[in-house]
Structure formats: C-alpha cells, structure tokens
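Below is one structure, written out as structure tokens; comments come after it.
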Amino acid sequence: MTQVRKLTLTDNVVEFMVGRLRKLPESTQAVLQLAAGIGNRFELATLTVVCDKTQEEVAKDLWPGLQEGFVIPESEIYKFFREMSQRRRVLIILWLVISFYMLAFNKQLML
C-alpha cells in the first residue's frame, strides 16, 4: 500500500510539473527539452550549440524556465532543480518531445 501511495504521489508531481511546463512559451519548452537531453547540468555555451542559436537568444528562451524554478544557475553551469528525480525528468522530457512533434504535425496540417 505504501508503494501505491508513493506512485500516486510521484504521478501527481509529474502531472503538476507538466502542467507548469505547458504554461511556458514554446521556445522555452524547446530549450528545456534540449537542455534536459544534455543532462541534469549543462553549460549555456553547450546549449547554445545544441539549439543552433545565439547565446542571447538561448538565454532569453531559458529565462521563463529560470523564473519558474525549473532551472537553477550556478555561475557558468545551470542545473535542473534538485527535487526532480531522474524518472520525473525522463517523463517530462518525453512529454516535451511528444508535445513538440504534435505541435509540428498540427502546424503542417494547417498549411
């Protein structure tokens, strides 16, 4: 029974986090998706290369994620907040990837 409660709590946290992520701008969601693919910690310079944008553009896109507490700056390195376990991070990444492709698919249908 304790494991069921833990699973329910974990699922509720993931749902809560995904709900917060959905409220972020699409550009922020895309940058967070790529940052999460790099790992729990990442450098802005690395993320800039992965995003194929300028450092200023990436910083601007990342800013709402910082304001919401998804990412925490540590001098030159950024990290995802501590409470996010690997499992939660993977679930959120999967949600972001699926959402990204669904959005791209829907945009193609509208053309």
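Observations on the model:
- Difference of contour (0.36 nm per residue) and Cα-Cα distance, residue 104 to residue 59: 13.9 nm
- Within the stretch 15-77, none of the chymotrypsin sites (Phe, Trp or Tyr not before Pro) combine a DSSP coil assignment with at most 16 other C-beta atoms in a 10 angstrom radius.
- Within the stretch 29-78, the GluC sites (Glu not before Pro) that combine a DSSP coil assignment with at most 10 other C-beta atoms in a 10 angstrom radius are 76.
- R0 of 30 Å, Cβ-Cβ distance residue 15-residue 45: FRET efficiency to nearest 0.05: 0.35
Here, each number is a calculation from the coordinates, and none is a lab measurement. The structure displayed is predicted, hence computed values, not measured ones. Every residue, glycine among them, receives a Cβ derived from its backbone with ideal geometry; neighbour counts consider all protein chains shown.
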